[in-house]
Amino acid sequence: MNAVKYGDPKTPLTVELTASETEITLSVHNEGKPIPTHHHSKLFTPFERVSAKDEQKPL
């Protein structure tokens, strides 16, 4: 749902499901702003939110 909510409007949303003998992978790709690398460790933490302040670049 976040891919739809935070993606750029009117751009594609791609969902891909692949399987091997040992795993299944679900990939979702949108054309929104990427998640900064320093937030990747929090991606699967329940109820974690990133402050908009964290995303602003200094002038």
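Values in this text are rule-based calculations from the coordinates and carry no lab data. These figures come from a predicted structure and were not determined experimentally. Backbone-built Cβ (ideal geometry, glycine too); neighbour counts: all protein chains shown.
With the highest mean first, a sort of the peptides 26-39, 7-20 on other beta-carbon atoms found within 10 angstrom per residue produces 26-39, 7-20.
Volume per residue for segment 2-55 equals 107 cubic angstrom (convex hull of Cα atoms). Pairs of Cα atoms nearer than 8 Å and 6+ residues apart set the relative contact order; for segment 2-55 it is 30 percent. Around Gly7, under 15 Å between beta carbons, what's the net of Lys plus Arg minus Asp minus Glu among the other residues? Overall, the nearby charge balance is +1. Note on Ile35 and Thr18: their simple-model spin labels are 1.9 nm apart, each label 7 Å out from Cα toward Cβ.
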